[in-house]
1. Note down the magnitude of the dipole of the chain about its Cα centre, charges +1 on Lys and Arg C-beta and -1 on Asp and Glu C-beta and zero elsewhere, to the nearest 20 debye.
2. Can you tell me the Rg and the Dmax, both Å, for the Cα atoms in region 117-238?
3. If you wrap a convex hull around the C-alpha atoms of region 67-188 and split its volume per residue, what is the figure in Å³?
4. Kindly provide the helix-only [θ] at 222 nm of the chain, computed as the sum of -39,500 (n - 2.57) over DSSP H runs of four or more divided by all residues, to the nearest 500 deg cm²/dmol?
5. Taking the Cα atoms of region 76-126 alone, what are Rg (to one decimal) and Dmax (as a whole number) in Å?
6. For helix 219-239, what angle does its Cα long axis make with the longest principal axis of the chain, in degrees from 0 to 90 and rounded to 10?
7. Quick one: Karplus J couplings for region 29-38, per residue in order, coefficients 6.51, -1.76, 1.60, θ = phi - 60°, nearest Hz, x for Gly and Pro?
8. Cα gyration tensor of region 1-108, axes a ≥ b ≥ c as square roots of the eigenvalues: rounded (a/c below 1.5), prolate (a/b > b/c) or oblate?
Amino acid sequence: MDNFLLIFAICLVLGSLVGFLAGLLGIGGGLIIVPALLYILPWVGITSSQLTHVAIATSLSTIILTSLSSVTAHHKRGNIPWALFKPILPGIIIGALSAGFVSELIPSDQLQQAFAVFVVLMAIQMAFPFKSKGEGQLPANGVLFIVSVMIALIAGMMGIGGGVLLVPFLSFCGLQMKQAVGFSSATGFLIAIAGTTGYVVAGFDAPDLPSGTLGYIYLPALFGIIISSMIFAPLGVKAASTLPTSKLKKAFAGLLFIVGLKMIFS
């Protein structure tokens, strides 16, 4: 019980940082949550064979509630092109649901290496963001389905909402940036729900998991992160109006780059 309370308290602090940075810099929390949990979770006896899976699954599950306010805000502003869900929704559900089962086939250390490479790539993208002229057009429904499956699968396996992948794609296809971001917020919510379901089912009979887990999701960490991140996200949004966010985002990208390299070579 003492370890549960300790992890819960630490994740309250972690969630505060994640929520504030998400509001300040407009970034997803998974790139922060997963590396932190990889360090924290062994304290409660989660073995190395399951560590990365639990960290990623727990990170993904936090998105369910934390993304709701973003989806609501974008819907009120008319930024979500709901008609686009018809060709994309099936792929999103299939890809996200499959993530837990596919990641279960990958050894924990290899999954951690894949995540580390992903962190490095996202740090580079954050420091030197992709800028599309938005002159393209949406591809055929079959292509949209395949792309959505791949994006949701990668997002689910990395414990993120997928906005860093979907927004550049939609922007390249000609959607206005506000619509791409709005649509991404809605798909991130769905990826989190479907992906979390997959990790719960895939990890239901997984060995070496301590009490406090639901499938691959570690509940004390989940609750701690959710509670504080939802409180501190609005504070980050408020601070964004006064702080030099572009410079801070590049500095944070540099920190992520170092973290990713350290994970690769550790």
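1. 1140 debye
2. Values for region 117-238 (Cα only, Rg and Dmax): 17.0, 52 Å.
3. In region 67-188, the Cα hull volume divided by residue count equals 105 Å³.
4. Value at 222 nm, helices only, nearest 500: -25500 deg cm²/dmol.
5. Every Cα atom of region 76-126 included, Rg and Dmax give 15.8, 43 Å.
6. In the chain, helix 219-239 runs at an angle near 40 degrees to the longest axis.
7. Result, rounded to whole Hz: x, x, 5, 9, 5, 4, x, 5, 5, 4.
8. Values: a/c = 2.95, a/b = 1.40, b/c = 2.10.
Oblate.
The values are calculated or read from the model by the stated rules, or taken from the named source; none is laboratory data. Every value quoted in this text rests on a predicted model; they were computed, and no experiment measured them. When we count neighbours, we look across all protein chains shown, and the Cβ atoms used for this are built from the backbone with ideal geometry, even at glycine. Heads up: the accessible areas ignore ligands, DNA and RNA and are worked out on the full protein's heavy atoms, side chains in. Shrake-Rupley method; radii C 1.70, N 1.55, O 1.52, S 1.80 Å.
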